[in-house]
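Following: one structure in structure tokens, then a few remarks.
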């Protein structure tokens with residue numbers, strides 16, 4: 001590898017951590033430490049326990065949704081799908097760039113005895129449903145709480161994304177596939193591999209879209225979002241921020257949008273930054289907002305660490321082995337593209 005390529009690779013690897021560091025420096029600037037510690041000492045743990053219950057239930061709903069979307073490819077239990085999700089979330093907590101998404105897909109493909117690429121369409125539909133309800137949430141919340149112009153503009157962009165994504169999904173489901181004999185495979189191998197992947201993706205989306213389970217999975221997505229919003233809002237009450245449910249929903253929406261781009265492990269730094277930015281819109285003083293951002297991050301992440309570590313232990317594989325499998329998948333893909 002030549003020097004410029006090595007420098008570019010190093011810059012890409014360092015960027016998430018530099019971004020996290022910059023966010024944390026801003027976060028603690030001008031914070032009154034004594035007041036922050038006093039607010040933390042006043043946490044009401046009953047509300048915290050209820051928040052953790054709703055957070056765990058939200059991930060069970062995600063497992064249920066994924067199990068429904070995976071039915072055309074084979075059978076897997078909701079608990080198994082949830083186990084893979086928790087394992088992937090745990091990996092995301094310790095590695096940057098959302099590597100855990102690959103881990104959970106690998107685990108499910110292994111348990112279902114199917115190719116890794118066969119699992120990808122279900123995850124694409126998951127993301128589409130997330131965007132659908134995220135856009136709907138912005139519209140619904142705007143009816144109860146005045147939203148900042150930037151968030152309304154983000155809602156417009158999400159709405160356009162929903163229209164394009166839904167239109168593409170419906171087109172794939174309804175369009176008539178050309179006969180195999182009429183297809184001409186590209187001569188250049190990378191294009192041939194891309195065409196093969198797109199063909200697998202199209203087949204998977206078509207199979208998912210033509211099942212009744214897809215409508216139930218869309219409805220379950222509401223429960224997933226509701227559970228995560230309730231968990232976030234209940235931590236607000238536990239911390240002494242007695243705001244309405246809709247204010248909690250707005251702040252969580254800002255956090256979700258702000259951390260959508262892959263960054264440092266566990267979204268450290270950016271999660272706190274966007275939490276404080278969201279609370280500032282409703283007049284919450286920075287020290288109190290900073291304390292809450294740290295508390296909600298820890299209280300909703302600690303159970304994820306515990307359950308995620310248990311989920312990985314139950315796979316029969318070590319974290320090092322899972323990381324090696326992800327590396328082999330990447331190497332195999334790069335090798336196929338270069339040949």
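The values are calculated or read from the model by the stated rules, or taken from the named source; none is laboratory data. Computed from a prediction, not measured in an experiment: that's the story for all the values here. Backbone-built Cβ (ideal geometry, glycine too); neighbour counts: all protein chains shown.
Summary table
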item: Residues within the stretch 132-162 that are free of Cβ contacts under 8 Å to residues at least 24 places away in the same chain, closer than 14 Å to residue 248 by Cα and touching a helix residue (DSSP H, G or I) at 6+ places or on another chain (Cβ under 6 Å), tallied; result: 0
item: Subset of the stretch 109-119 [buried (at least 18 other Cβ atoms within 10 Å of the Cβ) and either under 17 Å from the mean Cα position of the chain (by Cα) or outside any helix (DSSP H, G or I) (or both)]; result: 119
item: Qualifying residue in the stretch 244-251 (condition: outside any helix (DSSP H, G or I) and modelled with pLDDT of 90 or more); result: yes
item: For residue 40: the one exception among (1) free of Cβ contacts under 8 Å to residues at least 60 places away in the same chain; (2) assigned to a helix (DSSP H, G or I); (3) surrounded by fewer than 17 Cβ atoms within 10 Å (Cβ to Cβ); result: (1)
item: Residue satisfying condition, being out of contact with any strand residue (DSSP E or B) (no Cβ under 7 Å at 6 or more places or on another chain), more than 30 Å from residue 212 (Cβ to Cβ), without any contact (Cβ under 8 Å) to a residue 24 or more places away in the chain and assigned to a helix (DSSP H, G or I), within set 4, 16; result: 4
item: Selection within the stretch 244-262 - touching a residue at least 40 places away in the same chain (Cβ under 8 Å) and within 17 Å of residue 143 (Cβ to Cβ); result: 244, 246, 247, 249, 250, 253
item: When residues of the stretch 20-36 are limited to those that are without any contact (Cβ under 8 Å) to a residue 40 or more places away in the chain and in a helix (DSSP H, G or I), the one surrounded by the fewest Cβ atoms within 10 Å (Cβ to Cβ); result: 34
item: Among the residues listed as 238, 231, 185, 207, the single one being farther than 21 Å from residue 116 by Cα, at pLDDT below 95 and in contact with a helix residue (DSSP H, G or I) (Cβ under 9 Å, 6 or more places away or on another chain); result: 185
item: Pick from the stretch 65-102, criterion more than 16 Å from the chain's Cα centre (by Cα) and in contact (Cβ under 8 Å) with a residue 40 or more places away in the chain, ranking: nearest to residue 259 (Cα to Cα); result: 69
